[in-house]
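The values are calculated or read from the model by the stated rules, or taken from the named source; none is laboratory data. Every value quoted in this text rests on a predicted model; they were computed, and no experiment measured them. Cβ placement follows ideal geometry from the backbone for every residue including glycine, while neighbour counts extend to all protein chains displayed. For accessibility, only protein heavy atoms count, side chains too; no ligands or nucleic acids. Shrake-Rupley method; radii C 1.70, N 1.55, O 1.52, S 1.80 Å.
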Amino acid sequence: MPEENKSNEIRFIRIYDAPVQAVWDAWTDPDQIAQWWGPRGFTTTTHSKDLRPGGSWIYTMHGPDGTDYPNRTDYLEVEALAKLVYDHGVSEDQPPSFRVTVLFSESKGKTKMEMSMTLPTPEAVEETRKFIKQAGGYSTWDRLSEYLEKEVSGKEKFVITRSFDAPLDLMFEMWTNPKHFSQWLPPAGYEMEFIKSDIKPGGSTFYFMTGSGPKMYGRAEYLQIEKPDRLVYTQQFCDENEKISRHPMAPTWPETMLTTVDLAAEGPDRTRVTVTWEPYGTATREEIETFIKARAGMTQGWTGSFDKLDARIANQ
């Protein structure tokens with residue numbers, strides 16, 4: 001179900017590594033939804049929730065700058081563990097802004113969430129897309145993934161998902177060919193150059209980045225590569241001699257990070273990319289706390305890299 005299915009809809013898919021009961025509970029239990037609902041930096045206060053056709057969820061979202069955003073959800077359909085249909089607005093006195101349909105299905109212990117937002121016009125869709133991107137609204141579903149992971153495994157992870165107008169094979173090439181990888185991965189203001197690159201299972205890379213901050217060296221070791229849909233590798237900061245060191249601007253950042261990249265075709269020319277980042281090996285409580293507090297910055301950094309990836313794909 002690609003995002004652009006109908007001109008007046010925004011549609012997307014997410015896959016969660018949790019049973020459908022856990023995902024449904026996270027959506028419907030006010031105590032749980034408060035842990036993840038909204039873009040990064042937002043919190044949610046539920047005033048009332050009546051989960052049934054004809055019932056409503058009244059809540060306030062609190063922005064990181066202290067601004068309060070009243071919200072109202074009016075439920076039209078509720079099928080336990082399977083479907084939610086609701087109108088979303090801000091108050092009973094104003095017409096709803098859009099209608100949402102969420103479908104839940106489980107396969108092999110994982111849950112597929114298929115979501116569509118129906119708006120009055122194609123113009124409203126474009127304005128809503130812009131608003132969601134500016135507000136970081138898609139990170140809501142990444143926060144849900146992180147919440148579920150913590151509930152199921154106890155691990156703290158960072159997740160970011162984005163869909164690109166590129167076929168699966170081209171996207172795999174963007175992640176495994178150093179010629180492409182080095183052009184889009186560095187954060188804004190930096191350039192990346194490989195000193196050596198051997199991107200294959202058991203292979204490794206050694207690189208440096210230069211730009212607006214200090215020169216940074218890093219290395220990666222590839223643990224798993226399954227063409228065309230999965231890469232798993234570790235990353236470490238190091239010095240010019242490839243000796244492991246600490247983040248030059250964050251000494252309590254975990255020494256080793258594990259990156260998992262999952263690619264999924266959403267159509268012949270569209271691919272969903274999910275990046276999962278987590279501390280790897282032994283990490284202190286202080287390092288884990290540093291990682292947790294950095295999620296907003298990680299979202300910003302990966303978003304900038306993904307914007308560059310979008311531009312590089314467009315030029316192919």
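Remarks
- Within region 98-112, residues that are under 12 Å from Glu79 (Cβ atoms) and in contact (Cβ under 8 Å) with a residue 40 or more places away in the chain reach partners that are surrounded by fewer than 16 Cβ atoms within 10 Å (Cβ to Cβ) and of a type in the set (Gly, Ala, Ser) with beta carbons closer than 8 Å, at six or more positions or on different chains, in the pairs Phe104/Ala82; Ser105/Ala82.
- Residues (closer than 28 Å to Pro228 by Cβ and open to solvent by less than 40 Å² (accessible area, probe 1.4 Å)) located in region 280-316: Met298, Thr299, Gly301, Trp302, Gly304, Ser305, Phe306, Leu309, Ile313
- Lone unmet requirement of (1) farther than 18 Å from Gly304 by Cβ; (2) open to solvent by less than 50 Å² (accessible area, probe 1.4 Å); (3) touching a strand residue (DSSP E or B) at 6+ places or on another chain (Cβ under 6 Å); (4) modelled with pLDDT of 95 or more for Phe158: (1)
- Residue match in region 199-218 (condition: open to solvent by 70 Å² or more (accessible area, probe 1.4 Å), closer than 28 Å to Lys133 by Cα, out of contact with any Asp or Glu (no Cβ under 9 Å at 6 or more places or on another chain) and among the hydroxyl-bearing types (Ser, Thr, Tyr)): yes
Residue-by-condition table, conditions (1) of a type in the set (Gly, Ala, Ser); (2) without any contact (Cβ under 8 Å) to a residue 12 or more places away in the chain; (3) under 20 Å from Phe164 (Cα atoms); (4) not in a loop (DSSP other than H, G, I, E, B):
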{"residue": "Thr234", "(1), (2), (3), (4)": "no, no, no, yes"}
{"residue": "Asn241", "(1), (2), (3), (4)": "no, yes, no, no"}
{"residue": "Thr260", "(1), (2), (3), (4)": "no, no, yes, yes"}
{"residue": "Thr271", "(1), (2), (3), (4)": "no, no, yes, yes"}
{"residue": "Glu278", "(1), (2), (3), (4)": "no, no, no, yes"}
{"residue": "Gln300", "(1), (2), (3), (4)": "no, yes, yes, yes"}
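- Qualifying residue in region 113-133 (condition: assigned to a strand (DSSP E or B), open to solvent by 60 Å² or more (accessible area, probe 1.4 Å) and within 17 Å of Trp37 (Cβ to Cβ)): no
- Only one of the numbered conditions (1) out of contact with any Asp or Glu (no Cβ under 6 Å at 6 or more places or on another chain); (2) over 18 Å from Gln183 (Cα atoms); (3) assigned to a loop (DSSP other than H, G, I, E, B) is not met by Tyr222, and that is (3).
- For region 149-195, residues that are in a helix (DSSP H, G or I) and either without any contact (Cβ under 8 Å) to a residue 12 or more places away in the chain or under 22 Å from Gln300 (Cα atoms) (or both) total 13.
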